[in-house]
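Written below as C-alpha coordinates is the structure these notes are about.
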Amino acid sequence: MKQPCVYVMASKRHGAPYTCVTANLPRRAFEHRDGLVKGFSEKYGCKILVWYELHETMIEAITREKQIKAGSRAKKLALIEALNPEWKDLFETLA
(Lines give C-alpha, C1' and ligand atoms only; values in the text may rest on other atoms or scores of the structure.)
Protein backbone atom coordinates (compact mmCIF):
# COMPACT_ATOMS: atom_id res chain seq x y z
CA MET A 1 0.00 0.00 0.00
CA LYS A 2 1.68 3.18 -1.18
CA GLN A 3 -0.61 6.01 -0.27
CA PRO A 4 -0.17 9.13 1.86
CA CYS A 5 -1.55 8.65 5.35
CA VAL A 6 -1.41 9.88 8.90
CA TYR A 7 -0.97 7.25 11.58
CA VAL A 8 -0.70 6.87 15.33
CA MET A 9 1.50 4.33 17.06
CA ALA A 10 1.16 3.68 20.80
CA SER A 11 3.07 1.87 23.50
CA LYS A 12 -0.08 0.27 24.99
CA ARG A 13 -3.75 1.07 25.61
CA HIS A 14 -3.86 4.74 26.65
CA GLY A 15 -0.07 4.75 26.35
CA ALA A 16 2.15 7.28 24.63
CA PRO A 17 0.66 8.21 21.23
CA TYR A 18 3.08 8.97 18.40
CA THR A 19 1.57 10.74 15.37
CA CYS A 20 3.32 10.87 12.01
CA VAL A 21 2.84 10.75 8.23
CA THR A 22 4.11 8.33 5.58
CA ALA A 23 3.51 7.20 2.02
CA ASN A 24 4.10 3.53 2.86
CA LEU A 25 2.27 2.57 6.04
CA PRO A 26 3.03 -1.17 6.06
CA ARG A 27 6.77 -0.55 5.81
CA ARG A 28 6.75 2.28 8.34
CA ALA A 29 4.65 0.37 10.87
CA PHE A 30 7.03 -2.59 10.50
CA GLU A 31 9.98 -0.28 11.20
CA HIS A 32 8.31 0.97 14.39
CA ARG A 33 7.53 -2.60 15.50
CA ASP A 34 11.15 -3.64 15.02
CA GLY A 35 12.53 -0.58 16.83
CA LEU A 36 14.15 0.83 13.69
CA VAL A 37 12.64 4.31 14.13
CA LYS A 38 14.80 6.34 16.48
CA GLY A 39 13.55 9.12 18.71
CA PHE A 40 10.20 9.41 20.52
CA SER A 41 8.69 6.14 19.30
CA GLU A 42 11.76 4.16 20.31
CA LYS A 43 12.12 5.93 23.67
CA TYR A 44 8.48 5.30 24.64
CA GLY A 45 8.07 1.89 22.98
CA CYS A 46 5.44 2.95 20.43
CA LYS A 47 5.10 -0.30 18.49
CA ILE A 48 1.32 -0.74 18.14
CA LEU A 49 -0.46 0.76 15.13
CA VAL A 50 -3.70 2.00 16.71
CA TRP A 51 -5.07 4.49 14.15
CA TYR A 52 -4.53 5.62 10.58
CA GLU A 53 -6.25 7.75 7.97
CA LEU A 54 -5.58 7.61 4.22
CA HIS A 55 -5.31 10.75 2.08
CA GLU A 56 -5.21 11.56 -1.62
CA THR A 57 -2.07 13.73 -1.41
CA MET A 58 0.90 14.09 0.91
CA ILE A 59 -0.02 17.75 1.45
CA GLU A 60 -3.43 16.69 2.80
CA ALA A 61 -1.80 14.10 5.05
CA ILE A 62 0.73 16.60 6.42
CA THR A 63 -2.01 19.15 7.06
CA ARG A 64 -4.01 16.55 9.00
CA GLU A 65 -0.92 15.43 10.92
CA LYS A 66 -0.29 19.02 12.06
CA GLN A 67 -3.93 19.34 13.11
CA ILE A 68 -3.73 16.17 15.21
CA LYS A 69 -0.37 17.09 16.75
CA ALA A 70 -1.74 20.52 17.72
CA GLY A 71 -4.57 18.86 19.64
CA SER A 72 -4.48 17.74 23.23
CA ARG A 73 -3.63 14.24 24.38
CA ALA A 74 -7.32 13.78 25.23
CA LYS A 75 -8.29 14.58 21.63
CA LYS A 76 -5.73 12.08 20.31
CA LEU A 77 -7.04 9.37 22.62
CA ALA A 78 -10.65 10.15 21.57
CA LEU A 79 -9.61 9.88 17.91
CA ILE A 80 -8.13 6.43 18.55
CA GLU A 81 -11.09 5.29 20.67
CA ALA A 82 -13.58 6.30 17.93
CA LEU A 83 -11.95 3.98 15.37
CA ASN A 84 -10.30 1.38 17.56
CA PRO A 85 -11.92 1.25 21.03
CA GLU A 86 -10.06 -1.92 21.99
CA TRP A 87 -6.70 -0.50 20.89
CA LYS A 88 -6.00 -3.56 18.73
CA ASP A 89 -2.83 -3.56 16.65
CA LEU A 90 -4.02 -2.66 13.15
CA PHE A 91 -0.76 -3.78 11.54
CA GLU A 92 -2.24 -7.17 10.73
CA THR A 93 -5.11 -5.54 8.81
CA LEU A 94 -2.76 -3.88 6.31
CA ALA A 95 -2.53 -5.52 2.88
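The values are calculated or read from the model by the stated rules, or taken from the named source; none is laboratory data. Predicted, not measured: the structure shown is a model, and the values here were computed from it. All Cβ positions, even for glycine, are placed from backbone atoms using ideal geometry, and neighbour counts span all protein chains on display. Side chains are part of the model used for accessible areas, which takes the heavy atoms of the whole protein and leaves out ligands, DNA and RNA. Shrake-Rupley method; radii C 1.70, N 1.55, O 1.52, S 1.80 Å.
Side notes on the structure shown:
- Per-residue extension of 0.36 nm, minus the Cα-Cα distance of Q67 and A82, leaves a gain of 3.7 nm for this segment.
- Residue-normalised accessible area of the chain, given per residue in Å² at a 1.4 Å probe: 57 Å²
- The Cα trace of the chain gives Rg and Dmax of 12.1, 31 Å, the first to one decimal, the second as a whole number.
- Its DSSP H runs of at least 4 residues, each contributing -39,500 (n - 2.57), put the calculated 222 nm mean residue ellipticity of the chain at -11000 deg cm²/dmol, to the nearest 500.
- The chain: relative contact order as a whole-number percent, Cα under 8 Å and 6+ apart: 35 percent
- Neighbourhood charge, 15 Å Cβ-Cβ cut-off, centred on T57 and excluding it, Lys, Arg +1 and Asp, Glu -1: -1
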